[in-house]
Amino acid sequence: MSNFSFISETEWRCGCCNKELQPRKVNVEYMGSVFNVELMVCPVCGFVLVPEDLALGKMLEVEQLLEDK
Amino acid sequence: MDQPQLRTLEATCIQEESPQCSAACPIHIDVRAFMGCLAKEDWRGARRVLDRTMPFADIVGRICDEPCRRACKRAETGDPLAVGSLERFCVTTVPMVLKQPRLPAKGGSVAVIGSGLSAMTAALDLARKGRNVVMMTGDEEVGGSLRGYAEEILPARVLSGAVETLDSYGVNIQFGWSLNKEFFDIVRQDSDAVFFDRDCAGLASLPVDCTHPDPLTLAVGNDGCFAGGGTTENGFSIMKQVEDGRRAALSIERYLQKVSLTAQREREGACPTRLHTVTIGIESLKEVQPADPSTGFTQQESAREASRCIQCECMECVKQCAFLQEFKDYPKRLVRKIYNNQAIVQGTRTANKMINSCMLCGQCTVICPHDFPMATVCRSTRENMVAKSTMPPSAHEFALQDMEFSLGEFSAMTRHQPGRDSSRFLFYPGCQLAGSAPFAVEQTYLHLTGHLAGGVGLMLGCCGIPAHWSGRQELFNQTMQSFQAEVNRLGDPLIITACSSCYAVFKEFAPELQVQSLWQILDRMELPERKTAIPPQPMTIHDPCTVRHDPEIRASVRNIIKKLGISIEEQPYSGELTDCCGYGGLMQFANVPLGEKAARAKGLRSDLDGLAYCAMCRDNIAASGRRIAHLLDYLFPAAEQEDPLLRPNPGFSRRHENRARLKQHLLNTLWHEEPVMTPDYKSIKLFIPPQVMELMNTRHILEDDIQKVIFQAEQTGKRLVDPENGHFLASFKPVRVTYWVEYQPDKQGYIVHNAYSHRMILPGDAK
Ligand SMILES: [Zn+2]
């Protein structure tokens, strides 16, 4: 999952800062493994969007793989 | 599990034992595979099966006296397979497919005296192994007694074909010897070992007694001499000739290698097998008769006859269990996978999911002729995984949090009967009944207090079985200890459990406490006056897996049902053999789709409307789409008169809610106590469309979680917004799981449009 990009056009805007989300590299972590991935993030407050298809797709797959390691 | 334990377990599962036919065959021909090939018209495949084991298949296949036929399981439902006729069909229509190789020459000279079938077999087997073999006979041809067969059964050219075969393996055949003392001396001088075929004239004139060979080794008095074959008290058996020839060849091999002649030879020759094959329910079929008996089976007739083969195996446990079916394996292979999974230090433990998918219900153990302990293996493995920190965190977390909630301040309570300060009895409805049918809990409690003297206390909580099932032994022990302390505090009343899981747990882990099932108590008591109409008749009972070993409870339940005037049609897999609904072993949490399959399979055991007396069975079978009620629904019908058969599965959120409300309601109405303060986030009012609710259920997301997300988003303003439709998207991580909710404020609360979760930790999250 490392160095993967999960950015895609999104309607979601940051409600706090009233900004469009922008692609940004962030670190996500599970079971001691850290992955640097590109996600849509609010440029001001840093709110990270995890869309449904990512949470239930690639992310879940990696989570389960790590749990069996 | 260590190696010896694994071996013992593997030996307990008999699926890989030989079928009866191969076990009865003195040379263990794979008759089942032979039938399988013929049935699918793989003629060459069938011939290959014979060539692999049967010496001189062109000869033996024509005249085999089929000792396997007497052992054939088909005889239990029809005629035994016509193995001999099929062998004959095969060798007369398909030429040799597999010619066994000859191993490199390795010295050792063997004399084979005589030329009957056992001499031929011994010579062939020894020559294949690279031994130098001389066949010496007084005859002018090979075959011995086989020469007596009619030409149409065993043509002379086929029998003399054996000479070419033996020749091709380098056997030196010498005809026309006079068997006498001088001959014997030459033989002894020139060979390291000798086999005497007793189907041979003139043996009596030799200075060796061949009449009583050792049954295991066929050795006779003189060193290096062996004898077999010929006519015995059972007559002249073809397969006995082959068996003796082969047995003698093996003895001579051992003799030449100077190793034990006797060690580990139990499985040579016809031997017993432990394979267990149930033929009940298999349609009875008569033997296929060839249209022209003089020519025997045609291809089509052969395939038809062979397809009557049952293809004996055990698989009895797999046939019934959703878990074993899902993983497409029988216990012997699964324990091996579990053992290997445990041994992995680095790498992916691919069997984790399987280990966590067993319902731990023990059905397979009851079915297994050798009581294979699958549940014990899986549960203790889970304990081991927890101890070694290799248990996947997501497998049981949701169920354990549910248990924590049931034991927490919002759901759990212990009280003496209102107005009393001691209890002779203690009603323990269990977490799932409180979650599924709180009204029934209240009514049952009122009924018990009205009919039992000496005070009936009430305890709401959880017996801790989810911790036990998930291998969290420490947590389970703590739970049991607090429970016992609480019971002691009440003065050790007799515990009345409505849930058979609680009953089983208390009986096993707190044997010093007095426990009885609610059903046994109600059976001895005046029943409430029933207010609902009698349901459509008859119904079927779905016994829960936790009463598998409690016939008294099952009998009490049936008595009560009878008293209610409901007629019952029993299903074949009930009682001791009953299925688990998928809740057992927390399977439905560790493997959501399989949980649904198990519930559906249990519900489909009968076409009739169901009656359960376990709240989880009731709810899971209801969720699978079957009409099913809980027995308490008929004993204590709800006021609103809804049809108990149509009561929906409450789902996880509603169960939480029901437990919390039950506690508040009972505290308020019976004990006149103040309600427990609810947390702030509970003030968030939700509107959840049914399809979203269903999604939340399968994704293991509670209304509680949604309320926390929205509460926190509305407090902090941290949320995303879709300007198109005004929806918000927010996330919150209460403990380990991050929940996302798409919602929309409404006049009175919030409409929930979607919810999902992940465990991956985002930047800024607490770890
Ligand atoms: Zn922002």
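Is it the case, given these coordinates, that B:Glu404 is free of Cβ contacts under 8 Å to residues at least 24 places away in the same chain, in a helix (DSSP H, G or I) and of a type in the set (D, E, K, R)? Spell out the reasoning first.
On the way: free of Cβ contacts under 8 Å to residues at least 24 places away in the same chain: yes; in a helix (DSSP H, G or I): yes; of a type in the set (D, E, K, R): yes.
Taking the combined requirement at face value, the residue satisfies it.
Every residue, every condition in (1) under 28 Å from B:Ala201 (Cβ atoms); (2) open to solvent by 10 Å² or more (accessible area, probe 1.4 Å); (3) assigned to a loop (DSSP other than H, G, I, E, B), yes or no:
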| residue | (1), (2), (3) |
| --- | --- |
| B:Cys37 | no, yes, no |
| B:Arg47 | no, no, no |
| B:Leu50 | no, no, no |
| B:Gly61 | yes, no, no |
| B:Gly84 | no, yes, no |
| B:Val97 | no, yes, yes |
| B:Lys106 | no, yes, yes |
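Quick one: would you say B:Pro675 is assigned to a loop (DSSP other than H, G, I, E, B), within 16 Å of the ligand (Cβ to nearest atom) and either among the β-branched types (Val, Ile, Thr) or farther than 20 Å from B:Phe398 by Cβ (or both)? Show your work before the answer.
On the way: assigned to a loop (DSSP other than H, G, I, E, B): yes; within 16 Å of the ligand (Cβ to nearest atom): no; either among the β-branched types (Val, Ile, Thr) or farther than 20 Å from B:Phe398 by Cβ (or both): yes.
No: the conditions fail for B:Pro675.
Please go through the stretch A:34-51 and pick out each residue that is more than 16 Å from the ligand (Cβ to nearest atom) and exposed (fewer than 15 other Cβ atoms within 10 Å of the Cβ). Give the steps one after another, and end with the answer.
Going residue by residue through the stretch A:34-51, those that are more than 16 Å from the ligand (Cβ to nearest atom) are A:34-38, A:51.
A:Val34, A:Asn36, A:Glu38 - these are the residues of the stretch A:34-51 that are more than 16 Å from the ligand (Cβ to nearest atom) and exposed (fewer than 15 other Cβ atoms within 10 Å of the Cβ).
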Restricting attention to the stretch B:693-723, which residues are more than 11 Å from chain A (Cβ to nearest Cβ), buried (at least 20 other Cβ atoms within 10 Å of the Cβ) and of a type in the set (A, V, I, L, M, F, W, C)? B:Met696, B:Ile701, B:Leu702, B:Ile706, B:Val709, B:Ile710
From the residues in the stretch B:321-339 that are among the aliphatic types (A, V, I, L, M) and under 20 Å from B:Lys597 (Cβ atoms), which one is surrounded by the most Cβ atoms within 10 Å (Cβ to Cβ)? B:Leu334
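Within the stretch B:352-359, is even one residue in contact (Cβ under 8 Å) with a residue 40 or more places away in the chain, among the charged types (D, E, K, R), open to solvent by 40 Å² or more (accessible area, probe 1.4 Å) and within 14 Å of chain A (Cβ to nearest Cβ)?
Narrowing the stretch B:352-359 to residues in contact (Cβ under 8 Å) with a residue 40 or more places away in the chain: B:352-353, B:356-359.
Restricting the remaining residues to those that are among the charged types (D, E, K, R) gives B:353.
Going one step further and asking which of them are open to solvent by 40 Å² or more (accessible area, probe 1.4 Å), we end up with B:353.
Keeping just the survivors that are within 14 Å of chain A (Cβ to nearest Cβ) gives B:353.
Within the stretch B:352-359 (the criterion being in contact (Cβ under 8 Å) with a residue 40 or more places away in the chain, among the charged types (D, E, K, R), open to solvent by 40 Å² or more (accessible area, probe 1.4 Å) and within 14 Å of chain A (Cβ to nearest Cβ)), the answer is yes, since at least one residue qualifies.
Please pick out the residue among B:Gln342, B:Gln300 that is in a helix (DSSP H, G or I) and either surrounded by fewer than 18 Cβ atoms within 10 Å (Cβ to Cβ) or hydroxyl-bearing (Ser, Thr, Tyr) (or both). Give the derivation first.
Details: B:Gln342 fails: either surrounded by fewer than 18 Cβ atoms within 10 Å (Cβ to Cβ) or hydroxyl-bearing (Ser, Thr, Tyr) (or both).
From the options B:Gln342, B:Gln300, the qualifying one is B:Gln300.
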Kindly indicate whether B:Gly726 is on the phi > 0 side of the Ramachandran plot, within 11 Å of chain A (Cβ to nearest Cβ) and out of contact with any Cys (no Cβ under 8 Å at 6 or more places or on another chain). yes
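Of everything in the stretch A:1-27 that's within 16 Å of the ligand (Cβ to nearest atom) and more than 9 Å from chain B (Cβ to nearest Cβ), which residue is surrounded by the fewest Cβ atoms within 10 Å (Cβ to Cβ)? Write out each step before concluding.
Looking only at the stretch A:1-27, we keep the residues that are within 16 Å of the ligand (Cβ to nearest atom), and these are A:10-24, A:26.
Still in the running and more than 9 Å from chain B (Cβ to nearest Cβ): A:17, A:19-20, A:22-24.
Working: A:Cys17: 15, A:Lys19: 15, A:Glu20: 13, A:Gln22: 10, A:Pro23: 13, A:Arg24: 16.
Only one residue fits best here, namely A:Gln22.
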If you check B:Gln311 against the conditions, is it touching a residue at least 24 places away in the same chain (Cβ under 8 Å) and more than 24 Å from B:Cys378 (Cβ to Cβ)? yes
The one condition in (1) among the hydroxyl-bearing types (Ser, Thr, Tyr); (2) surrounded by 15 or more Cβ atoms within 10 Å (Cβ to Cβ); (3) more than 8 Å from chain B (Cβ to nearest Cβ) that A:Tyr30 fails to fulfil: (3)
Helices (runs of 4 or more DSSP H) within the stretch B:588-655 that include 3 or more residues more than 26 Å from the chain's Cα centre (by Cα) and assigned by TED's automatic domain parsing to the domain that holds B:Val557: B:631-635
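Residues are listed down the side, and each one gets a yes or a no for (1) open to solvent by 40 Å² or more (accessible area, probe 1.4 Å); (2) in the same structural domain as B:Leu594 (by TED's automatic domain parsing); (3) more than 30 Å from B:Ser357 (Cα to Cα); (4) of a type in the set (A, V, I, L, M, F, W, C):
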| residue | (1), (2), (3), (4) |
| --- | --- |
| B:Phe506 | no, no, no, yes |
| B:Glu512 | yes, no, yes, no |
| B:Ser517 | no, no, no, no |
| B:Thr532 | no, no, yes, no |
| B:Asp543 | no, yes, no, no |
| B:Asp550 | no, yes, no, no |
| B:Val557 | no, yes, no, yes |
| B:Lys562 | yes, yes, yes, no |
| B:Ile566 | no, yes, yes, yes |
When the residues of the stretch B:736-767 are narrowed to those that are in contact (Cβ under 8 Å) with a residue 40 or more places away in the chain and outside any strand (DSSP E or B), which ends up surrounded by the fewest Cβ atoms within 10 Å (Cβ to Cβ)? B:Gln748
Tally up the residues in the stretch B:504-539 that are farther than 20 Å from B:His447 by Cα and either under 35 Å from the mean Cα position of the chain (by Cα) or part of a helix (DSSP H, G or I) (or both), please. 14
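The values are calculated or read from the model by the stated rules, or taken from the named source; none is laboratory data. Since we're looking at a predicted model, the values are computed, not measured. Here the Cβ is made from the backbone with ideal geometry for all residues, glycine too, and neighbour counts use every protein chain on show. Ligands, DNA and RNA are excluded from the accessible area calculation, which covers all protein heavy atoms including side chains. Shrake-Rupley method; radii C 1.70, N 1.55, O 1.52, S 1.80 Å.
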